[in-house]
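Please treat every number below as a calculation from the coordinates, not as lab data. Everything quoted here is computed from the prediction, not taken from an experiment. Neighbour counts run over all protein chains shown; Cβ positions are idealised from the backbone, glycine included.
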């Protein structure tokens, strides 16, 4: 556990960031409350480092959402009416890292394994967010299950731009995450990087096969693929 004043600091920062996101209309009121709960839980049960990484991912996601928002709004592919996220959006991407921190709090994990699990959930969520927010502006979109042309913004749609940018984002998040959590750089960071790429692609597959027919929601998709990405990273670590 962190010293009490550092833990309190993460709770206060979580409240400030959530309130500011609400004021900027990046989050609904419910989304802001869910964001605060997620950040505070990671700060209390995890560490300043885990909270810092989660906060960076969250802020980066807001910037990606607002980038060229007018164009996305004109095309009708924006999130919500003004790009705002609800509590369902927040828990969809926030629950996996919270679960990893909770498991580690109850049953302390190997430090490297914890880093891989936690960072993997962030890389999957980050890669998916970037793919959705940046890739949606590419007019050439293909359904991942058939590779046939489709419309931007559809579940299961992938583009060259989205795939490239999301892969780069996954690598950058893995590098930053490893440095923040482990306070060093190591070839092992490639595991959460690959997990992020795999989880992001799986998100598109689930979108086409399960989300479009209505079997699951986008929030369930986001949550499950992040957890699968973390599990994938754990398996690779085990056999590496």
> So what is the relative contact order for region 181-240, in percent, with contacts set as C-alpha pairs under 8 Å and at least six apart?
Replying inline: 45 percent
>> To make sure I understand, if each residue's beta carbon is the centre and we count other beta carbons within 10 Å, what order do 85, 137 fall in, fewest to most?
In response: 137, 85
> Angle, helix 48-66 long axis vs. longest principal axis of the chain, Cα atoms, 0 to 90°, nearest 10?
Replying inline: 20 degrees
> Got the relative contact order for region 131-222 handy, in percent, Cα pairs under 8 Å and 6 or more residues apart?
Replying inline: 26 percent
>> Can you tell me the length gained on complete extension of the stretch residue 240 to residue 147, counting 0.36 nm per residue apart and subtracting the Cα distance?
In response: 30.2 nm
> Stretch residue 217-residue 59 to full length: gain in nm at 0.36 nm per residue minus the Cα-Cα span?
Replying inline: 54.5 nm
>> Suppose a student asked you for the relative contact order of the chain, using Cα pairs under 8 Å spaced at least 6 residues apart; what percent would you report?
In response: 21 percent
> Roughly speaking, what is the centre-to-centre gap between region 1-66 and region 185-240 when only Cα atoms are used, to the nearest Å?
Replying inline: 23 Å
>> If I fit a long axis through the Cα atoms of helix 29-45 and take the longest principal axis of the Cα atoms of the chain, what angle between them do I get, 0 to 90°, rounded to 10?
In response: 40 degrees
> By average Cβ neighbour count within 10 Å, what is the ranking of 41-49, 181-189, 123-131 from highest down?
Replying inline: 123-131, 41-49, 181-189
> Points 7 angstrom from Cα along the Cβ direction at residue 172 and residue 209: gap in nanometres?
Replying inline: 3.1 nm
> Which ordering of 237, 178 is given by a fewest-first count of other beta-carbon atoms within 10 Å?
Replying inline: 237, 178
>> With n ≥ 4 as the cut-off for DSSP H runs, can you work out [θ] at 222 nm for the chain, using -39500 (n - 2.57) per run divided by the number of residues, rounded to the nearest 500?
In response: -24000 deg cm²/dmol
